[in-house]
Amino acid sequence: MAAEKGFCLWFTGLSGSGKTTITNILVRELRRRGSKLEVLDGDIVRQNLSKGLGFSKEDRDTNIRRVAFVAALLARNEVPVITAAISPYRELRDEARAKMDGRFIEAYVKASVEECEKRDVKGLYAKARAGEIQEFTGVSDPYEPPENPEESAQQILSYLEEQGLIPLAN
């Protein structure tokens, strides 16, 4: 594989929208092509890099800033990175974009709250509706969708190829 170019593919969407599922599909394909990409999954980041943070607006902002900081370091050093975090606030996604110096690609995984609730294997939506989880995105806290997102794994792969960020499929 030719030298990789660093970029950040930033997935955003509600809990249960499919961010991790699409990420896993892309990771398999990109690694098949020889990529050395890294993944910053929201759940894993919260367990490690952001342990102890809650879900207040301030804590969510701190979490997203940490993800953006690590993603920017990786991308700047020519490591492709995929983030999969709810990142509900447009302002923080714009802040992350500004850190990436043109290497930020935002992809919105769109699914309705109702669809996400049907897929909710963790029972988080039920807990939020019962008042057990405060400030839950899509239930008691807002989600601000992006204005110009990519919509599918194939579109994303095509976009990355067109931009010369990944090699063409064999």
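The values are calculated or read from the model by the stated rules, or taken from the named source; none is laboratory data. Predicted model only: the values in this text are computed from it and were never measured. With ideal geometry, Cβ positions are generated from the backbone for all residues, glycine too; neighbour counts draw on all protein chains shown. Accessible surface is based on the protein model in full, side chains and every heavy atom, while ligands, DNA and RNA are left aside. Shrake-Rupley method; radii C 1.70, N 1.55, O 1.52, S 1.80 Å.
I'd like to verify a number: residues in the stretch 81-103 that are under 19 Å from L49 (Cβ atoms) and crowded, with 19+ Cβ neighbours inside 10 Å, how many?
Of the residues in that region, 13 qualify.
Look through the stretch 82-104, keep the residues that are part of a helix (DSSP H, G or I) and not basic (K, R), and return whichever of them is farthest from V139 (Cα to Cα).
Looking at residues that are part of a helix (DSSP H, G or I) and not basic (K, R), I get A98.
Could you pull out the residue among A75, A107 that is open to solvent by less than 80 Å² (accessible area, probe 1.4 Å), touching a Phe, Trp or Tyr at 6+ places or on another chain (Cβ under 6 Å), in a strand (DSSP E or B) and of a type in the set (G, A, S)?
Result of the check over A75, A107: A107.
Can you confirm whether A98 is of a type outside the set (V, I, T) and in contact (Cβ under 8 Å) with a residue 12 or more places away in the chain?
In short, no.
I'm trying to understand the selection: among the residues of the stretch 122-139, which are within 16 Å of I86 (Cβ to Cβ) and either open to solvent by 70 Å² or more (accessible area, probe 1.4 Å) or part of a helix (DSSP H, G or I) (or both)?
Answer for the stretch 122-139, where residues must be within 16 Å of I86 (Cβ to Cβ) and either open to solvent by 70 Å² or more (accessible area, probe 1.4 Å) or part of a helix (DSSP H, G or I) (or both): K122, L124, Y125, K127, A128, Q134, E135.
I need a count of the residues in the stretch 14-52 that are assigned to a helix (DSSP H, G or I) and either within 24 Å of G138 (Cα to Cα) or in contact with a helix residue (DSSP H, G or I) (Cβ under 9 Å, 6 or more places away or on another chain) (or both).
Count: 16.
So, of the residues in the stretch 7-55 that are among the aromatic types (F, W, Y) and over 12 Å from the mean Cα position of the chain (by Cα), which turns out to be most open to solvent (accessible area, probe 1.4 Å)?
Going through the qualifying residues, I end up with F55.
Read through the list (1) open to solvent by 20 Å² or more (accessible area, probe 1.4 Å); (2) within 23 Å of L53 (Cβ to Cβ), then give the number of the only condition that E117 fails.
(2)
Between S87, S158, which is under 14 Å from the mean Cα position of the chain (by Cα), closer than 21 Å to L26 by Cα and polar (S, T, N, Q)?
Exactly one of S87, S158 is under 14 Å from the mean Cα position of the chain (by Cα), closer than 21 Å to L26 by Cα and polar (S, T, N, Q), namely S87.
This table checks each residue for (1) at pLDDT below 90; (2) touching a strand residue (DSSP E or B) at 6+ places or on another chain (Cβ under 9 Å); (3) over 20 Å from E161 (Cα atoms).
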| residue | (1), (2), (3) |
| --- | --- |
| K5 | yes, no, no |
| T62 | no, no, yes |
| A75 | no, yes, no |
| E91 | no, no, yes |
| E95 | no, no, yes |
